[in-house]
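Just below is one structure, and these are the notes that go with it.
The values are calculated or read from the model by the stated rules, or taken from the named source; none is laboratory data. Remember, predicted model here, so these are calculated numbers, not experimental data. Please note: Cβ atoms are built from the backbone with ideal geometry, for glycine as well, and neighbour counts cover all protein chains shown. For the accessible areas, the whole protein counts, side chains as well, though only heavy atoms, and no ligand, DNA or RNA atoms are used. Shrake-Rupley method; radii C 1.70, N 1.55, O 1.52, S 1.80 Å.
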Amino acid sequence: MAPIAVPITESIVDTVQPKKDTLPLPDAVRARFEKANIDLSNGYPYRPAKPLYLDDVYNIRDTDRPYVDAGSRADKDKTALFSAAKEVKHLTSHIGTEIVGLQLKDLTDQQKDELGLLIAERSVVFFRDQDISPQEQKKLGEWYGEVEVHPQAPCVPGVPGTTVIWPALQATEVTASFRQTGGASRWHTDLVHERQPAGVTHLHNDVVPKIGGDTLWASGYAAYEKLSPEFRKIIDGREAIYRSAHGYLSRENPEAGPKFIERVHPIVRVHPATGWKALWVNRAYTVRILGLDKPESDVILGYLFDVYEKNVDIQVRFKWTPRTSALWDNRLTIHNASWDYEGNEPRHGTRVTALAEKPYFQKDAPTRRQALGLAGPEDV
Ligand SMILES: O=C(O)CCC(=O)C(=O)O
Ligand SMILES: [Fe+2]
């Protein structure tokens with residue numbers, strides 16, 4: 001079939017705004033937004049015009065973006081952050097820390113840098129009882145990098161870059177069930193198809209179910225360290241294809257159905273602030289290791305996903321309370337949201353994602369355990 005020529009202006013479709021009141025907005029969300037002067041008169045959430053064609057989406061951020069990691073500027077002892085906190089609780093040995101007694105919106109620049117380093121070291125950091133508007137959440141995200149504005153994800157009206165995470169909303173688009181929970185209820189890393197994928201990512205859940213709706217994170221530092229040193233040599237420096245969650249049409253062959261953004265990145269990367277190696281694959285969006293036949297790639301990736309997902313000692317499972325913020329580093333983790341409440345109670349949050357550097361590998365970089373002097377004879 002001959003390619004269909006479509007002028008670029010026509011490649012934006014779905015400009016329809018959300019139907020008003022399709023889902024009742026929980027009172028606590030409404031109160032948070034009213035306090036922040038969010039205009040809800042045109043419905044909620046705001047849905048950006050969805051680009052139809054794949055090449056338009058590739059073109060959105062297809063150039064080098066400047067990036068300096070906030071954590072790499074920080075005082076290694078994180079004195080400004082820790083001395084102001086009431087308590088700093090490590091939730092497991094390898095991943096997850098909760099900070100008590102600080103409001104994210106009030107952090108000083110120095111504390112924000114130190115928090116960047118803490119996130120780089122602990123992979124995910126939690127703050128309960130936060131009073132934070134979507135605008136303040138976005139401002140904090142900008143400290144950690146260019147805030148991603150998604151071409152089609154719903155966002156808070158008037159605050160592009162604040163993605164709405166509202167499983168009930170997604171469930172109206174794709175029917176979720178107990179056996180097929182879908183969406184965020186599988187292990188994944190966000191936005192791996194970007195040229196410079198996600199770094200510090202901040203989900204503020206303002207409303208959560210009384211029971212359930214936990215989120216799990218697993219450590220990519222520790223997943224890498226679970227591998228034998230000989231196996232690490234097999235995967236070090238290798239690259240794979242990473243795919244987007246959302247599909248778009250090929251301009252040349254629109255009948256072919258949805259196509260995905262694909263980028264090549266290393267499967268082991270080094271974090272710029274810590275300098276430690278982390279496994280960087282995920283079952284949802286890492287498709288194929290370059291240079292290997294597909295069955296070979298499938299076996300190796302399958303093993304890596306298993307190591308990452310099945311070792312509970314390298315994971316944290318977090319029980320939310322209303323108004324809690326989780327800040328995780330998508331360069332270092334996979335995550336998975338439990339849908340055990342089955343949509344029976346509202347769960348709603350806003351997410352701001354800072355894009356980071358182009359992923360890179362460094363052969364002589366240490367693992368976390370090596371750098372911290374924890375590595376045993378079997379680790380080296
Ligand atoms: O709802 C959650 O707990 C996490 C959802 C998710 O995958 C995300 O915000 O990236
Ligand atoms: Fe996610």
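How many residues are surrounded by 20 or more Cβ atoms within 10 Å (Cβ to Cβ) and not hydrophobic (A, V, I, L, M, F, W, C) if we restrict to region 323-356?
Looking only at that region, the number is 15.
Of all the residues that make up region 273-298, how many are assigned to a loop (DSSP other than H, G, I, E, B), open to solvent by less than 10 Å² (accessible area, probe 1.4 Å) and not β-branched (Val, Ile, Thr)?
Summing the residues that are assigned to a loop (DSSP other than H, G, I, E, B), open to solvent by less than 10 Å² (accessible area, probe 1.4 Å) and not β-branched (Val, Ile, Thr) in region 273-298 gives 2.
Based on this model, can you work out whether GLU262 counts as surrounded by fewer than 19 Cβ atoms within 10 Å (Cβ to Cβ), touching a residue at least 40 places away in the same chain (Cβ under 8 Å) and farther than 29 Å from LEU104 by Cα?
Yes.
Within region 129-171, restricting attention to residues that are open to solvent by 10 Å² or more (accessible area, probe 1.4 Å) and of a type in the set (S, T, N, Q), which residue is nearest to VAL352 (Cα to Cα)?
Looking at residues that are open to solvent by 10 Å² or more (accessible area, probe 1.4 Å) and of a type in the set (S, T, N, Q), I get THR163.
When region 89-105 is examined, which residues are found to be open to solvent by 50 Å² or more (accessible area, probe 1.4 Å), under 28 Å from TYR308 (Cβ atoms) and not in a loop (DSSP other than H, G, I, E, B)?
Once the filter is applied, which keeps residues that are open to solvent by 50 Å² or more (accessible area, probe 1.4 Å), under 28 Å from TYR308 (Cβ atoms) and not in a loop (DSSP other than H, G, I, E, B), region 89-105 yields LYS89, HIS90.
Which one of the conditions (1) within 22 Å of LYS210 (Cβ to Cβ); (2) over 16 Å from the mean Cα position of the chain (by Cα); (3) open to solvent by less than 40 Å² (accessible area, probe 1.4 Å) does ALA365 fail to meet, given that it meets all the rest?
(1)
Could you list, in sequence order, the residues of region 105-144 that are of a type in the set (A, V, I, L, M, F, W, C) and either within 12 Å of VAL200 (Cβ to Cβ) or modelled with pLDDT under 95 (or both)?
Scanning region 105-144 gives LEU115, LEU117, LEU118, ILE119, ALA120, VAL124, VAL125, LEU140, TRP143.
Going by the conditions given, is GLU309 of a type in the set (Asp, Glu) and away from ligand 1 (no atom under 16 Å from the Cβ)?
So GLU309 does not fit the description; no.
Among the hydrophobic types (A, V, I, L, M, F, W, C), open to solvent by 70 Å² or more (accessible area, probe 1.4 Å) and outside any loop (DSSP other than H, G, I, E, B): does that describe VAL316?
no
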